[in-house]
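Everything on this sheet refers to the single structure shown next.
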Amino acid sequence: MEYNFLTKCVHGSGREGSCDESGAVSFPIYQSATYAHRGLGKSTGYDYSRLQNPTREQLEKVVACLEHGVDALAFSSGMAAIATLMELFRPGDHIIAENDLYGGSIRLFDHVSSKNGIRFGRTDLSSASVEALITPDTRAIFIETPTNPMMHVIDIEKTAEIAHKHNLLLIVDNTFLSPCFQNPLLLGADIVVHSGTKYLGGHNDTLAGFLVTASEDVAEKLRFLIKTNGTGLAPFDCWLILRGIKTLSLRMEKAQENACAIVNWLQKEKKICKVYYPGLPENPGYEICKKQASGFGCMVTFEVESQELAAHILDNLKLIQFAESLGGVESLITYPITQTHADVPRGMLTANGITDKILRLSVGIEDVRDLIADLDQVFASYPG
Ligand SMILES: *Cc1c(COP(=O)(O)O)cnc(C)c1O
């Protein structure tokens, strides 16, 4: 019998078991770089921690189980995961990528992968046809949904159908909704990417990344890459993410409830021009998100009337902290144009609507009355 999601967060699939005989309820941190052999040809199953470490293995099993993958690999950051993923491709290969991606992914594609001969076709996949961009060299489609920061929603099932018709891999960065609200592999994706730094870790204290796959063949290639490139996550950090995952559902449900209340409040504020949240029925992606996810998430983007007001907000919020990142228990506000998306070419920013009036809120699990009071004071104190 398969456990339900809340139970899996705490116990994994229930079949992983503990690595030692002590009965430790919290999985031990195996702080060992290497493992002794009992004799020639008698490995314990662990040889060297770059290949595998029991704590990392436990975390990978739990994440594979949450995302319904055959395998998951834990990396030292989300970017380490995506950089390793790019090693699946060769010079001349072409990848179709959503326009409104995490800025770090765009930087990697433009400045590292391109140098290695990988070419990218980019478009707004929530509205444009992906099929028009497919060439004989296309190998994969890379998406996020909802996108960062403009909250476009892409139909995963439909994109997977097109990908498979043309023998392409569909890669979905599922950081924003996490397995708590969305399981891309069940909708036909081949590889799921996570920045574990965000909701999986959940406490703004650890960097981590994941690749999860539904294909044995892809899993085998990725195992070769993690052992060769040495991009795996360290044992203590694995333990922190394992601990974070235990409360994943509780945190995300609460943060989502807070996000809905904040969206309501923001919509009534006259100095706000537009609120971007996939849970708003007027969001073009509302129906698709409702169909393919069990929640709309805890990320809210909004546009204010002027750059001066945006600056005033960033300077004067007291509880909500002005910081990059998302998905932690603390509410954070981000200014994409100078932070997460600083290295994205100007033209592309403008095309995506990322202006100096756009702010992105990662709603945490504080008492929402305090969060709203903070927003209230910052708008009330604006002289403009
Ligand atoms: C943060 C983030 C990443 C990069 O992850 P790091 O852990 O910061 O390296 C990738 N994708 C998305 C959607 C992110 O939010």
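Of all residues in segment 248-295, those satisfying the criterion of being in a strand (DSSP E or B) and of a type in the set (A, V, I, L, M) are I272, V275.
A single entry from V300, V344 fulfils the requirement of being at pLDDT below 95 and either in a loop (DSSP other than H, G, I, E, B) or within 16 Å of the ligand (Cβ to nearest atom) (or both): V344. Number of residues in segment 91-121 that are among the charged types (D, E, K, R), within 16 Å of the ligand (Cβ to nearest atom) and assigned to a strand (DSSP E or B): the value is 1. Looking across segment 177-197, the residues that are closer than 17 Å to V153 by Cα and among the small types (G, A, S) come down to S178, G188, A189.
Taking segment 185-194 as the range and being more than 10 Å from the ligand (Cβ to nearest atom) and either open to solvent by less than 10 Å² (accessible area, probe 1.4 Å) or in a helix (DSSP H, G or I) (or both) as the test, the residues that pass are L185, L186, L187, A189, I191, V192.
For segment 210-217, the criterion of being surrounded by 22 or more Cβ atoms within 10 Å (Cβ to Cβ) and part of a helix (DSSP H, G or I) is satisfied by no residue at all. Looking only at segment 318-332, residues that are open to solvent by less than 10 Å² (accessible area, probe 1.4 Å) and away from the ligand (no atom under 15 Å from the Cβ) come to 2 in all. Against the list (1) over 30 Å from F302 (Cβ atoms); (2) among the hydroxyl-bearing types (S, T, Y); (3) crowded, with 20+ Cβ neighbours inside 10 Å, the condition T197 fails is (1). Which residues, counting only those in segment 267-290, are open to solvent by 30 Å² or more (accessible area, probe 1.4 Å) and free of Cβ contacts under 8 Å to residues at least 60 places away in the same chain? If the condition is that a residue be open to solvent by 30 Å² or more (accessible area, probe 1.4 Å) and free of Cβ contacts under 8 Å to residues at least 60 places away in the same chain, then Q267, K268, K270, K274, P281, E282, E287, K290 are the ones that fit. Within segment 195-209, the set of residues being in a loop (DSSP other than H, G, I, E, B) and either away from the ligand (no atom under 16 Å from the Cβ) or hydroxyl-bearing (S, T, Y) (or both) comprises T197, Y199, T206. Checking each residue in segment 142-184 for being open to solvent by 10 Å² or more (accessible area, probe 1.4 Å), within 11 Å of the ligand (Cβ to nearest atom) and touching an Asp or Glu at 6+ places or on another chain (Cβ under 6 Å) picks out only D173. Scanning segment 69-80 turns up no residue that is under 14 Å from the mean Cα position of the chain (by Cα), farther than 15 Å from G209 by Cα, within 16 Å of the ligand (Cβ to nearest atom) and not in a strand (DSSP E or B).
The values are calculated or read from the model by the stated rules, or taken from the named source; none is laboratory data. Quick caveat: nothing in here was measured; it's all calculated off a predicted structure. Counting neighbours? That spans all protein chains shown, and the Cβs are built from the backbone with ideal geometry, glycine included. For accessibility, only protein heavy atoms count, side chains too; no ligands or nucleic acids. Shrake-Rupley method; radii C 1.70, N 1.55, O 1.52, S 1.80 Å.
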